[in-house]
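The values are calculated or read from the model by the stated rules, or taken from the named source; none is laboratory data. Remember, predicted model here, so these are calculated numbers, not experimental data. In this analysis, Cβ positions are derived from the backbone assuming ideal geometry, glycine residues included, and neighbour counts consider all displayed protein chains. The area values use the complete protein model at the heavy-atom level, side chains included, leaving out ligands, DNA and RNA. Shrake-Rupley method; radii C 1.70, N 1.55, O 1.52, S 1.80 Å.
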Amino acid sequence: MPTIFEKKKPSAKKLGPIRGGILLLISRLVLTVIFLDAIYYIFFYFLSIWFNTPLAWQDTISVSLLTIQFFIDMIQIGFIVYLILSWSHTTYYIDGAHLIKHSGVMNIEEDVYDLATVRSVEVHQSFIGRVLNFGDLILKTSASGGYQVVVILKGVSKPIHWEREIKNYF
C-alpha cells in the first residue's frame, strides 16, 4: 500500500515539443518591419518636407536616402533571421520525469529540470496573448536545502493546455 510520502510516478509519456506560438512570431516579424520602416519614413519626411533643398543637392539626398534604405533593409533581414532562428531553436520537451529545454543556434544549450521538484505552475498572459493564445508558463521548483529555481517558458502556444499537461506530472 503506498504511503503519502511516496512520490507519484510520472508516466513514460513524452510531451513536446512545447514551442512558441507561430502567431507571436509573425506579429514580432511584422512589428519589426513596421518599426524600422517608420524610422526611414520619418527621416525621409524630415529631409524632403522640412528642408527646402536646392536642386543641386537633390541627387545627393536621393543617394543618401537609398543608402539609408539599404542599411535599414539589412537590419530588417538580420532581425528577421534572428527572430526566426531563436523561435525555431528554442523548444521544451517533457520526457518521463524531466523538463528539457533546448536553445541556441551556434551554441546549443540543454537544461534539464526534474518534474518531481516542481511545486507550482502558473500561466501569465497579456490581453494580446489571450487573443492570440500564447503566454508564459512559470514553473517554480524547490529541492532540499532551500534551493529554488524558477523556470520560465516564454511565448508558449496554448499555455493553458500545457499547464494542465505539466500538472498531471505532480
> Which sequence of 57, 162 reflects their accessible areas, 1.4 Å probe, from the largest down?
Replying inline: 57, 162
> Taking +1 at the Cβ of each Lys and Arg and -1 at the Cβ of each Asp and Glu, which of 69, 33, 44 sits farthest along the dipole of the chain towards its positive end, judged by Cα position relative to the Cα centre?
Replying inline: 33
> With every protein chain kept in the model, how would you rank 165, 110 by accessible area, 1.4 Å probe, largest at the top?
Replying inline: 110, 165
> In terms of the Cα gyration tensor, with a ≥ b ≥ c the square roots of its eigenvalues, is the stretch 94-170 rounded because a/c is under 1.5, prolate because a/b exceeds b/c, or oblate?
Replying inline: oblate
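Can you compute the charge dipole magnitude of the stretch 48-142 about its Cα centre, using +1 on each Lys and Arg Cβ and -1 on each Asp and Glu Cβ, nothing else charged? Give it in debye, rounded to the nearest 20. Could you put the intermediate results ahead of the total?
Details: 4 positive and 9 negative charges, 57 e Å.
Around 280 debye, computed over the stretch 48-142.
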> Just from its helices, what would the mean residue ellipticity at 222 nm be for the chain, if runs of 4 or more DSSP H residues each count -39500 (n - 2.57) and the sum is divided by every residue, rounded to the nearest 500 deg cm²/dmol?
Replying inline: -14500 deg cm²/dmol
> What number of lysine-lysine pairs in the chain show an alpha-carbon separation below 16 angstrom, given a sequence spacing of 8 or more or placement on distinct chains?
Replying inline: 11
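Compare 106, 74 by solvent-accessible area with a 1.4 Å probe and give them largest first, with all protein chains kept in place. Show your work: numbers first, answer last.
Details: 106 170, 74 90 Å².
Order by accessible area, largest first: 106, 74.
If you roll a 1.4 Å probe over the chain with all protein chains in place, what percent of the accessible area is carbon or sulfur? Please report the intermediate quantities before stating the final value.
Values: 7730 of 11790 Å².
Of the solvent-accessible surface of the chain, carbon and sulfur hold 66 percent.
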> Roughly how many Å² is the accessible area per residue of the stretch 96-153, as a whole number, for a 1.4 Å probe?
Replying inline: 60 Å²
> According to a simple spin-label model (label point 7 Å from Cα along Cα-to-Cβ), what is the distance in nm between residue 110 and residue 72?
Replying inline: 4.4 nm
>> Just to verify a number: what accessible area does residue 72 come out at with the full protein assembly present, 1.4 Å probe, Å² rounded to tens?
In response: 20 Å²
